[in-house]
Amino acid sequence: MPILLVFALTAACMPVPWPEPLVGGGERAAVGLTVAAVGLSALLSFAVRTWVVHTLRGSPSRKIEVMEGYARLRRLLLFVNLGLAAACVLAFGWGWYVHRAAVVPGPGPGKSLLAPFAELLVPAPYFAILLTAWTIYYDAERRIHQTTAFGPVPRPFWTRGGYVFHQLRQFALLVMLPVVLFTTQQTLARFAPELTRTDAYRIGSVAVVPVLVLFMPLLMKPLLGLKSMPAGPHRARLEALAARLHFRCADFLLWPTHGAAANALIVGLLPRVRYVVFTDRILDDLPPDELDAVLGHEVGHAKHGHIWLYAAFLGLSMTVLAALLVLLDQRLAAAGVVLPEWADGWVALPPVAVLAAYIFLVFGYLSRRCERQADVYGCRAVSCGDPNCTGHDASTVYPERARGLCPTGIRTFARALERVGQVNLMDEPAGRRSLVQLVRGFLGWLRAWQHSTMPRRVNFLLSLIDNPARERRFQRSVTLLRWTLLGGLAALLYALGEAVGWHELMQVM
Ligand SMILES: [Zn+2]
Ligand SMILES: [Zn+2]
């Protein structure tokens, strides 16, 4: 989801002549309608929150049912909120109002320029909606957290401020960082146009992306409040497995979420700036062998070079898109086509939409394949050398570098996957295809576009027990996909560079 949100916010920050309010008219209508939209979103969040709090107060035994309903409603509201924010900019005149009101005197008499970073005010209704929603959802989250029919007393929950801050810092790192970089570039182009035409600036602005990608992990630690995992049984076990897999990283990190998320992730391209991160909940809830399987999955991403692959794929794709735009521009100019005046600012939007759709479809597909490859590596990480084994015990010997693949290893990994899915409520109930279920299924699929759905992942892995040849076929198909994509993009870029001229291409980067 974050990547698509980045595109939506970037589009809002483009220098587009946003329309006046479609109803009412004037600045007061723009502000009034926008405030009303934010208020409507807050009301909806409040209704969801109140339903959760009241139901659980009356009948704590309905916790699972309430959690599922709550997760579904929140997912639905995510799209409603995006729609409301889009309506503010496109129909209620908010974008038009910002471009009119947030201006500073420009070069020449009577001229004005949009104030530095004022484009960030265009998506401001969405930021307001998010902040209110987090503040309101807090009560529901806390109630869910504290409701136990039996079992141990839960960990203390966040304070409201702490909870909102926890959400805010994730949003800042994953979504706002690229958007702010983009607005910085826009601001510089407005206020120091001669600077942005120099070669040094161009090289710098292209180089900032790989530098950021490389050092992002160092930034993540303070931004998300990650801590080095304390010495103890968890850490010792993870280190032992990493050694057996011949995997190196700078540190294992702990993400304190007050039990809100069961998750693990790997960040960083190089061992020295590479971290594997585990949330508190996943360490608490998973038995040791399943935790090994989860680390195996993350190590699999590194061993198969997925992080490099993603960086190369995204970098090449964006360069190809830029070259295509130059080509289109040159051809239109050669044909003497002049865009009508109204289209002037709007032409910036279609490329963003095309790139977003391309990433969603092509990158989504690539990412799902890579997740599956990491899943297989995760199975291997907890497999013994006997492809027909019936179980593991203390005397089981595991081969180095995850060379084995056995039924017990596959089942261990599948169990871990299912447990994480249960904790995070990621399962979509399968059943009759009513309209509601279709919508639900669609929302679930949208959310799973990078990872695929849990049952699919598990079914594939379990099928490998009876059909080991399928694994080899699968590995070959991923290798083929990887080189076809990269090779195809590189060839396309070369052809485009020859067609438009390499110097012209450099100019637009
Ligand atoms: Zn993964
Ligand atoms: Zn085994």
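General observations
- Residue that is modelled with the highest pLDDT [pool: residues in the range 353-387 that are among the small types (G, A, S) and surrounded by fewer than 23 Cβ atoms within 10 Å (Cβ to Cβ)]: A374
- The condition of being part of a helix (DSSP H, G or I) and open to solvent by 60 Å² or more (accessible area, probe 1.4 Å) holds for only one of L131, L173, that being L131.
- Residues within the range 244-264 that are assigned to a loop (DSSP other than H, G, I, E, B) and at pLDDT 90 or above, tallied: 6
- For the range 241-285, the set of residues classified as more than 16 Å from ligand 1 (Cβ to nearest atom), open to solvent by 30 Å² or more (accessible area, probe 1.4 Å) and closer than 21 Å to R155 by Cβ consists of L254, P256, H258, A260, R281, D284, D285, listed by residue number.
Here is a yes/no grid of residues against (1) among the aromatic types (F, W, Y); (2) within 30 Å of T147 (Cβ to Cβ); (3) touching an Asp or Glu at 6+ places or on another chain (Cβ under 9 Å); (4) part of a helix (DSSP H, G or I):
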| site | (1), (2), (3), (4) |
| --- | --- |
| L223 | no, no, no, yes |
| I266 | no, no, yes, no |
| V276 | no, no, yes, no |
| H297 | no, no, yes, yes |
| I307 | no, no, no, yes |
| L314 | no, no, no, yes |
| A322 | no, no, no, yes |
| L327 | no, no, no, yes |
| L332 | no, no, no, yes |
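- Helices (runs of 4 or more DSSP H) wholly inside the range 10-123 containing at least 1 residues that are open to solvent by 40 Å² or more (accessible area, probe 1.4 Å) and without any contact (Cβ under 8 Å) to a residue 40 or more places away in the chain: 26-58, 63-90
- Taken as a whole, the condition of being out of contact with any helix residue (DSSP H, G or I) (no Cβ under 9 Å at 6 or more places or on another chain) and modelled with pLDDT under 90 applies to F191.
- Test result for A469, modelled with pLDDT of 75 or more, within 16 Å of ligand 2 (Cβ to nearest atom) and either under 28 Å from H145 (Cα atoms) or not in a loop (DSSP other than H, G, I, E, B) (or both): no
- Selection of the range 1-44 for residues being touching a Ser or Thr at 6+ places or on another chain (Cβ under 7 Å) and at pLDDT below 95 yields only C13.
- Sole exception among (1) within 14 Å of ligand 1 (Cβ to nearest atom); (2) farther than 27 Å from L493 by Cα for L366, by number: (2)
- Looking only at residues of the range 392-402 that are under 37 Å from the mean Cα position of the chain (by Cα) and open to solvent by less than 100 Å² (accessible area, probe 1.4 Å), we find that the one that is nearest to ligand 1 (Cβ to nearest atom) is A402.
For every residue, the table says whether it meets (1) assigned by TED's automatic domain parsing to the domain that holds A240; (2) more than 16 Å from ligand 1 (Cβ to nearest atom).
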| position | (1), (2) |
| --- | --- |
| P287 | yes, yes |
| D292 | yes, no |
| G305 | yes, no |
| M318 | no, yes |
| L339 | no, yes |
| V354 | yes, yes |
| R372 | yes, no |
| D375 | yes, no |
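- Cβ-Cβ under 9 Å pairs, at least 6 apart or on other chains, the range 373-391 side touching a residue at least 60 places away in the same chain (Cβ under 8 Å), far side within 16 Å of ligand 1 (Cβ to nearest atom) and acidic (D, E): A374/E298; G378/D292; G378/E298; A381/D292; V382/E290; V382/D292
- When each of L328, L316 is tested for being away from ligand 2 (no atom under 16 Å from the Cβ) and within 26 Å of the chain's Cα centre (by Cα), the lone residue that passes is L316.
The values are calculated or read from the model by the stated rules, or taken from the named source; none is laboratory data. A quick note: this is a predicted structure, and the numbers were derived from the prediction, not measured. A quick note on method: Cβ atoms are made from the backbone with ideal geometry, for glycine too, and the neighbour counts reach across all protein chains shown. We work out accessible area using only protein heavy atoms, side chains counted, and drop any ligands, DNA or RNA first. Shrake-Rupley method; radii C 1.70, N 1.55, O 1.52, S 1.80 Å.
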